[in-house]
């Protein structure tokens, strides 16, 4: 059977991210003997004409559509993506009568609503590797599922989580626009952050891939593109059970040295020895999930660490000359004018790091924040949850919060509000040949000189 998989992600903030979910489903389908073709809207320059040409050329037996984001979760400068997916489905209908199947994290978080909104035939909630293969087997037998929404158990681990298929042409695009390629070491999350959908989507415990399989992926990417920059896309890299150490040790054993970054949680078991080993393998930037900037605000969103832990984590990476970036959401449960001002001062005093601020917290189904919003009457049964709704503490006035954040960081170049304010500059750096996060450019750390590779170096 012939399957066309489509990535509809149009978001490039803060940099384009390889569609690894689509790549994993493609890998599973290929292993099951199906012919798989891929189309990426970012690679095509968001061209609907190129998309229609691809459908007509492939003549698929089924079309799978990956939806990464409902919107950009930026209350100050909203971008919404469901209308684009609806247009894609409508165009498919004009070209072929084959079934259209939705998937991806954005679909899984609100499947009934998205399926209705875009008009596809089916949707896969959760891990699509097994269910898409089963769907294609049924289709080959001339059958179709009775239910329109297919739900996968959250049980894949070890070798059952496949190596992603990395399409050369799509890889080339992401290499030319940020040089960042995604790899996954685990699924799920055992944290209890009230706003986060990871436990709802992937389960509330970590399910690991074998460390050797992860490093095999890295070596294959290095062999094909020695200018790669690896982004580990796990909910967080340094899991509380310490399994991430197996990946780092395997990278070190094989003498891997390629630039990489990951989401890091403050606290936990990070220590000098492990960070030194991470750096030896190429780790050069930590995206630290502080998410709030005072102890009261951290407690309000369900974090299991304090602001002092954030400072200590940042200092540990600074000591090893590793660039850090922090992301914060102002306005969460328990936030007041006093905690906002305290948070601004805390961030301003955090040394040598890039800071990105969000106003309000996007409310998503399946989260503790959703339940709180329902209790407070912010969400009702009639609410259209596809439309972005942001939680802002009842003790804060939105206009005051926005002005306070603008004024509070106006003189700090390394503090960015709204969070997409410097996207154009980051994209220009990538266009000039600088790879990865480029956060050190933002903070002026100057420790690692990123530069455009010369033609001699590229050979």
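Residues checked against (1) surrounded by fewer than 22 Cβ atoms within 10 Å (Cβ to Cβ); (2) touching a strand residue (DSSP E or B) at 6+ places or on another chain (Cβ under 8 Å):
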site: 192; (1), (2): yes, no
site: 197; (1), (2): no, no
site: 202; (1), (2): no, yes
site: 235; (1), (2): no, yes
site: 255; (1), (2): yes, no
site: 265; (1), (2): no, yes
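If the condition is being touching a helix residue (DSSP H, G or I) at 6+ places or on another chain (Cβ under 7 Å), under 17 Å from residue 24 (Cα atoms) and surrounded by fewer than 22 Cβ atoms within 10 Å (Cβ to Cβ), then region 218-233 contributes only 233. Of all residues in region 151-181, none satisfies the criterion of being within 15 Å of the chain's Cα centre (by Cα) and surrounded by fewer than 21 Cβ atoms within 10 Å (Cβ to Cβ). Restricting attention to region 134-177, the residues being more than 19 Å from residue 206 (Cβ to Cβ) and either touching a helix residue (DSSP H, G or I) at 6+ places or on another chain (Cβ under 7 Å) or part of a helix (DSSP H, G or I) (or both) number 24.
I'd like to know if region 114-123 contains one or more residues that are within 30 Å of residue 421 (Cα to Cα), surrounded by fewer than 18 Cβ atoms within 10 Å (Cβ to Cβ), at pLDDT 95 or above and within 23 Å of the chain's Cα centre (by Cα). No: zero hits. Scanning region 268-290 for residues that are touching a strand residue (DSSP E or B) at 6+ places or on another chain (Cβ under 6 Å) and either within 30 Å of residue 339 (Cα to Cα) or assigned to a helix (DSSP H, G or I) (or both) yields a count of 6. In summary, residue 215 fulfils each of the numbered conditions (1) buried (at least 20 other Cβ atoms within 10 Å of the Cβ); (2) within 25 Å of residue 3 (Cα to Cα) with the single exception of condition (2). The single condition from (1) assigned to a helix (DSSP H, G or I); (2) on the phi > 0 side of the Ramachandran plot that residue 347 fails is (2).
Per-residue answers, yes or no, for (1) free of Cβ contacts under 8 Å to residues at least 40 places away in the same chain; (2) in contact with a strand residue (DSSP E or B) (Cβ under 6 Å, 6 or more places away or on another chain); (3) surrounded by 20 or more Cβ atoms within 10 Å (Cβ to Cβ); (4) not assigned by TED's automatic domain parsing to the domain that holds residue 358:
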site	(1), (2), (3), (4)
19	no, yes, yes, yes
23	no, no, yes, yes
32	no, no, no, yes
35	yes, yes, no, yes
55	no, no, yes, yes
58	no, yes, no, yes
62	no, yes, yes, yes
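All of 267, 282, 241, 289 fail the test of being at pLDDT below 95 and on the phi > 0 side of the Ramachandran plot, apart from 267.
Summed over region 383-407, residues that are surrounded by fewer than 17 Cβ atoms within 10 Å (Cβ to Cβ), touching a helix residue (DSSP H, G or I) at 6+ places or on another chain (Cβ under 8 Å) and either not in a loop (DSSP other than H, G, I, E, B) or not assigned by TED's automatic domain parsing to the domain that holds residue 344 (or both) total 1. For residue 336, the requirement of being crowded, with 22+ Cβ neighbours inside 10 Å and either within 27 Å of residue 175 (Cα to Cα) or assigned by TED's automatic domain parsing to the domain that holds residue 402 (or both) is not met. If you check 80, 68, 52, 86 for being in contact with a helix residue (DSSP H, G or I) (Cβ under 7 Å, 6 or more places away or on another chain) and within 28 Å of residue 330 (Cα to Cα), only one passes: 68. The residue list 331, 282 contains one member that is touching a helix residue (DSSP H, G or I) at 6+ places or on another chain (Cβ under 9 Å) and under 17 Å from residue 395 (Cβ atoms), which is 331.
The values are calculated or read from the model by the stated rules, or taken from the named source; none is laboratory data. Just so it is clear, the structure is predicted and the values come from calculations on it, not from any experiment. We place every Cβ from the backbone using ideal geometry, glycine too, and count neighbours over all the protein chains shown.
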